[in-house]
Amino acid sequence: MTSTSTKVPVTSAEARAEFRENRLAQPTSGMAPGFVQANLAILPRESAFEFLLFCQRNPKPCPVIDVIEAGSVEPKISTPGADIRTDGPRYLVYRDGVATDELLDLKSVWRDDLVSFLLGCSFSFEHALIENGITLPHWETDKNVAMFRTNLQTTPAGPFSGPMVVSMRWIPVDKVVRAVQATTRFPNTHGAPVHVGNPEAIGVADPMKPDFGDSWEPAHPSDVPVFWACGVTPQAVAMASKPPLMITHAPGHMFLTDLRDEDLAVL
């Protein structure tokens, strides 16, 4: 399902209202600029502690913003009054490491023993890149950023392990330092890049063939591929570790919180 609305939401509350009524189900880059966007991972209570430990050991791809305890659907810290089951644009259900369902809401699969994790997303710092004169072609479109599995391994915790996923953006060579500076301010939304330059050094064979999202041509031959840790990592971990059940957002389809980007800035 794609958007039936022609207006890009300017606040996170507007976006969630559109998602809740299934009027909008597209990648969220550029929506509600200035509001923190979050990746989502939902697991049964018996797996929650080990997943939280996994996030603590891997803060670059999995920075925790909020945790919704079992029996609740409300992200009380980041988004009071919201419902995690309905207020995201698109969800994936993984069973034993295989994506079995893509859903617009979670009502049909919800259980009272599920614990929900909201993890920082690089879409939040894209506003800072735009303000620093860096053009992002997927911004405010129905297209997605390019994402890749890498040869960078996460630090295991319990049953959870697997490769880090990264998002890639082509950055003008004279703005690479500015891009690093702008994103370093936001460690809770992945922060500084994990790699700059040669994609093969991190196991990306072809930057024009992403594992998730959409392919983008560089605007200029001198543009540099820059890679940030990505919150799709839990999905790669689900495929590698094969937990009985893990629910996530669909890549690029984030949960929009009521936190502001500057709430998470450190500099």
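Some values worked out for this structure:
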read-out	value
Flag if R185 is of a type in the set (K, R) and surrounded by fewer than 22 Cβ atoms within 10 Å (Cβ to Cβ)	yes
Number of positions in the range 155-180 that are outside any loop (DSSP other than H, G, I, E, B), more than 20 Å from the chain's Cα centre (by Cα) and within 17 Å of Q56 (Cα to Cα)	1
Residue check for R185: touching a residue at least 12 places away in the same chain (Cβ under 8 Å), farther than 17 Å from T135 by Cβ, assigned by TED's automatic domain parsing to the domain that holds P156 and among the basic types (K, R)	yes
Pairs with Cβ under 6 Å, 6+ apart, first in the range 145-167 and aromatic (F, W, Y), second part of a strand (DSSP E or B)	F148/V166
Residues being out of contact with any Leu (no Cβ under 7 Å at 6 or more places or on another chain) and within 15 Å of M246 (Cβ to Cβ) - total across the range 69-93	2
Sole exception among (1) β-branched (V, I, T); (2) out of contact with any strand residue (DSSP E or B) (no Cβ under 9 Å at 6 or more places or on another chain); (3) within 27 Å of S47 (Cα to Cα) for V177, by number	(3)
Number of positions in the range 197-230 that are surrounded by fewer than 17 Cβ atoms within 10 Å (Cβ to Cβ) and of a type in the set (A, V, I, L, M)	4
Test result for P163, outside the structural domain of E74 (by TED's automatic domain parsing), on the phi < 0 side of the Ramachandran plot and touching a Ser or Thr at 6+ places or on another chain (Cβ under 7 Å)	yes
Within the range 23-109, strands (runs of 3 or more DSSP E) holding 2 or more residues that are over 28 Å from T11 (Cα atoms) and not small (G, A, S)	35-44, 91-95, 98-103
Check on P75, outside the structural domain of G191 (by TED's automatic domain parsing), within 22 Å of I171 (Cβ to Cβ) and buried (at least 17 other Cβ atoms within 10 Å of the Cβ)	no
Segments classed as strands (runs of 3 or more DSSP E), wholly inside the range 181-267, with at least 3 members that are out of contact with any Pro (no Cβ under 6 Å at 6 or more places or on another chain)	246-249, 255-260
Residue within the range 114-128 that is under 26 Å from M239 (Cα atoms) and assigned to a loop (DSSP other than H, G, I, E, B) present	yes
Flag if A99 is touching a strand residue (DSSP E or B) at 6+ places or on another chain (Cβ under 8 Å) and surrounded by fewer than 16 Cβ atoms within 10 Å (Cβ to Cβ)	yes
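Residues checked against (1) in contact (Cβ under 8 Å) with a residue 24 or more places away in the chain; (2) in the same structural domain as A17 (by TED's automatic domain parsing); (3) surrounded by 20 or more Cβ atoms within 10 Å (Cβ to Cβ):
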site: P89; (1), (2), (3): yes, yes, yes
site: S108; (1), (2), (3): no, yes, no
site: V115; (1), (2), (3): yes, yes, yes
site: T135; (1), (2), (3): yes, no, no
site: D142; (1), (2), (3): yes, no, no
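The values are calculated or read from the model by the stated rules, or taken from the named source; none is laboratory data. Keep in mind that what you see is a predicted model, and the values were worked out from it rather than measured. Reconstructed Cβ throughout: ideal geometry from the backbone, glycine too, with neighbour counts over all protein chains shown.
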